[in-house]
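Peer 1: Questions regarding the structure given below will be posed in turn.
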Amino acid sequence: MPSDDGQPAILARPVTRIGGTIGVPGDKSISHRAVLLGAVADGLTTVRGFLRGEDCLATLAAMRSLGVHVDDSGETLVIHGAGMAGLEAADGPLDLGNSGTALRLLAGVLAAQPFASELTGDASLCRRPMERIAEPLRIMGADVATSGGCPPLRIAGGATLHGIDYSLPVPSAQIKSAVLLAGLWANGRTTVRSPGPSRDHTERMLQAMGVSIELAGDGVVTLAGPAQLTGLAIDVPADFSSAAFFIVAGLLGADDGLLIRGVGVNPTRTGLLDVLRDMGAHIELRNPGRRGNEPVADIWVERSELHGVDVGGDAVALSIDELPVLFIAAACAQGRTTVTGAGELRHKESDRIAVMAQGLRAVGIAVEERPDGLIIDGGPMQGGRVESRGDHRVAMAFTVASLAADAPIEIRSTAEVATSFPGFTATAASVGLALEACDERS
Ligand code: S3P
């Protein structure tokens with residue numbers, strides 16, 4: 001346990017071999033949406049496999065603060081939908097912790113409510129850009145103020161929204177979803193045009209709840225408001241982004257293979273698989289099926305000789321949350337990997353370009369940082385001390401590096417692993433990684 005004066009850290013000791021069969025927790029993006037949409041649907045929404053990470057628990061707490069009744073049996077959430085007109089003003093600011101998805105999607109929902117709201121979060125979230133959602137919501141007629149472009153976000157409420165035709169500045173599911181969710185209350189058609197692919201869980205779940213969604217190809221999505229949603233039974237797949245750490249770990253050390261069960265393999269999420277296959281990875285999708293509107297499969301990986309590749313264009317958007325662990329794979333590959341067009345990584349829970357570059361250098365890897373990506377020369381990896389800057393995905397990515405390092409890696413500031421992957425160290429131990437929770441050493 002962390003002491004009062006020490007931040008939690010993880011000591012990852014070198015191991016050479018892992019394997020087994022595991023599951024990983026429920027999908028974060030789908031869990032947020034299940035609660036948000038279930039809350040404003042008519043009737044009951046049941047959610048199995050809800051991710052009990054801090055991010056999704058923040059969304060759940062926020063919806064309860066807005067008057068939504070949710071029964072929690074531990075296994076299943078039962079959301080008593082308040083309907084489109086049933087939310088109530090919260091007593092105070094809504095604290096979304098570390099979660100950009102929670103804050104941005106909830107802003108879309110609250111933009112059209114008759115009451116005022118304030119949305120805030122932790123120090124990391126309060127540094128993240130919010131004009132990207134405030135701007136389209138204002139064009140729709142909402143009164144939204146940011147604090148120098150960041151949270152806290154103040155929404156005056158009481159506005160009548162109208163549909164808009166909006167071109168996203170970047171391919172972002174969070175901005176797209178914020179606009180589409182506000183569009184559910186707006187008069188007329190709301191169209192969102194994206195310059196590239198982004199995850200489509202919002203569209204899929206809205207369709208499953210009875211909302212008519214027009215998909216025009218080339219990233220154009222339209223819905224008509226005011227809309228009504230019908231409660232749904234939702235079975236959340238395992239999170240591909242959490243599985244990604246074990247996919248790369250398996251490629252580095254699973255001589256007899258590693259199987260990850262029941263993972264969501266929505267094609268707007270699985271760009272990492274294509275990039276890794278280009279690098280020479282042996283990966284199989286087994287036992288394909290569906291959970292509701294989402295495709296799932298078991299993912300099988302084996303130790304593979306990887307070589308460097310160039311990554312850019314849509315592949316970046318389709319693997320955006322997996323790039324930290326892809327950088328680890330690149331560091332362990334033969335030759336050079338060049339990632340371009342990934343400037344959005346600078347706006348995640350940390351500046352993932354800078355923080356990953358520093359971490360890779362700390363373990364002896366040659367990296368060149370570019371404004372929109374990294375150039376990584378694969379090579380021998382040493383032990384060292386890595387600062388994760390409170391970024392869950394950076395911390396988990398460097399635990400995977402312990403399969404290639406010649407000495408322990410101390411990963412600092414790891415408390416936020418619980419935002420997306422509760423039980424990560426136990427799952428890692430079950431496949432054979434040697435992680436030890438400790439306090440930061442000075
Ligand atoms: C998410 C969208 C992505 C992703 C984030 C989750 C979502 O962000 O990085 O972890 O659930 O909509 P952007 O929309 O900013 O690309």
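The values are calculated or read from the model by the stated rules, or taken from the named source; none is laboratory data. Quick caveat: nothing in here was measured; it's all calculated off a predicted structure. Note that we place each Cβ from the backbone using ideal geometry, even for glycine, and neighbour counts take in every protein chain shown. Each accessible area value is taken on the protein alone, full model and side chains, heavy atoms only, with ligands, DNA and RNA left out. Shrake-Rupley method; radii C 1.70, N 1.55, O 1.52, S 1.80 Å.
Peer 1: Take the alpha carbon atoms of the range 189-243, find their center, do the same for the range 351-395, and report the distance between the two centers in whole angstrom.
Peer 2: 34
Peer 1: If contacts are Cα pairs under 8 angstrom and at least 6 residues apart, what is the relative contact order of the range 140-283 in percent? Write out the running numbers ahead of the final one.
Peer 2: Numbers: 205 pairs, mean separation 24.9, N = 144.
Normalised by residue count, the contact order of the range 140-283 is 17 percent.
Peer 1: How large a share of the accessible area of the range 26-99, in percent, is made up of carbon and sulfur atoms when the probe is 1.4 Å and the other protein chains stay in place? If you can, show how the numbers build up before the last one.
Peer 2: Details: 1230 of 2550 Å².
It is 48 percent, rounded to a whole number.
Peer 1: Still on this structure: Per q in 0.29 Å⁻¹, report the Debye log10 I(q)/I(0) for the range 140-204, using one uniform scatterer on each alpha carbon and no solvent.
Peer 2: -1.23
Peer 1: Taking square-rooted eigenvalues a ≥ b ≥ c of the alpha carbon gyration tensor, is the range 225-340 rounded, prolate or oblate, where a/c under 1.5 means rounded and, failing that, a/b exceeding b/c means prolate?
Peer 2: Values: a/c = 3.02, a/b = 1.59, b/c = 1.90.
In terms of gyration-tensor shape, oblate.
Peer 1: Round to a whole number: what % of the accessible area of the range 402-442 belongs to carbon and sulfur, probe 1.4 Å? Walk me through the numbers before you get to the answer.
Peer 2: Values: 760 of 1560 Å².
Reported share for carbon and sulfur atoms: 49 percent.
Peer 1: Follow-up. Once label points are set 7 Å from the Cα along Cα→Cβ at both E214 and R385, what is their separation, rounded to one decimal in nm?
Peer 2: Once both label points are built, they end up 5.9 nm from each other.
Peer 1: Considering only protein heavy atoms, with the full assembly of protein chains and a 1.4 angstrom probe, order H201, H69 by accessible area, largest first.
Peer 2: On the way: H201 5, H69 100 Å².
From most exposed to least exposed: H69, H201.
Peer 1: What length, rounded to one decimal in nm, is gained on full extension from D72 through to E88, with 0.36 nm per residue of separation minus their alpha-carbon distance?
Peer 2: Working: separation 16, 0.36 × 16 = 5.76 nm, distance 2.06 nm.
The D72-E88 span can extend by a further 3.7 nm.
Peer 1: Summarise the long-distance tail of P(r) for the chain by giving the % of C-alpha pairs beyond 39 Å.
Peer 2: On the way: 17100 of 97461 pairs.
Here the long-distance tail beyond 39 Å is 18 percent of all Cα pairs in the chain.
Peer 1: Between the range 67-140 and the range 253-306, what is the C-alpha centre distance in whole Å?
Peer 2: Cα centres, the range 67-140 to the range 253-306: 33 Å.
Peer 1: Can you tell me which of E416, E368, E322 moves the most in a GNM of the chain? Springs connect C-alpha atoms under 10 Å apart.
Peer 2: E368
Peer 1: Considering only the chain, what is the antiparallel percent among its DSSP beta bridges, to the nearest 5?
Peer 2: Of those bridges, close to 75 percent are antiparallel.
Peer 1: Where the accessible area of the range 300-398 is counted over protein heavy atoms with a 1.4 Å probe, how much of it, in %, is carbon and sulfur?
Peer 2: On the way: 1530 of 3320 Å².
Roughly 46 percent, rounded to a whole number.
Peer 1: Could you pull the Rg and Dmax for the range 91-246, using just the Cα atoms, both in Å?
Peer 2: 15.3, 47
Peer 1: So, one more: Out of E294, E305, E118, any idea which swings most in a Gaussian network model of the chain, alpha carbons joined below 10 Å?
Peer 2: E305
Peer 1: Given a 1.4 Å probe and the protein chains all in place, what does the accessible area of S147 round to, in Å² to the nearest 10?
Peer 2: Answer for S147: close to 50 Å² accessible.
Peer 1: Find which of P14, G74, A317 sits farthest along the positive direction of the dipole of the chain, computed with +1 on the beta-carbon of Lys and Arg, -1 on that of Asp and Glu, about the Cα centre.
Peer 2: A317
Peer 1: Would you mind working out the accessible area per residue for the range 25-160, using a 1.4 Å probe, and quoting it in Å²? Each step should come with its number before you reach the end.
Peer 2: On the way: 4530 Å² over 136 residues.
Normalised by residue count, the accessible surface of the range 25-160 is 33 Å².
Peer 1: Using 0.36 nm per residue of separation minus the Cα-Cα distance, give me the extension gain between D42 and D372 in nm, one decimal.
Peer 2: 114.4 nm
Peer 1: Moving to a separate point now. Compute from the Cα atoms of the range 24-131 the Rg and the Dmax, the latter being the longest Cα-Cα distance, and quote both in angstrom.
Peer 2: According to the Cα coordinates of the range 24-131, Rg and Dmax are 13.1, 39 Å.
Peer 1: Kindly report the accessible area of the range 178-324 per residue (heavy atoms of protein chains, probe 1.4 Å, no ligands, DNA or RNA), in Å². Please list the in-between numbers first.
Peer 2: Numbers: 5070 Å² over 147 residues.
Each residue of the range 178-324 exposes 35 Å² on average to a 1.4 Å probe.
Peer 1: Another question, if that's okay. When only C-alpha pairs under 8 Å and at least 6 residues apart count, what is the relative contact order of the chain, in percent? Let's see the in-between values first.
Peer 2: Numbers: 1156 pairs, mean separation 88.0, N = 442.
Computed value for the chain: 20 percent relative contact order.
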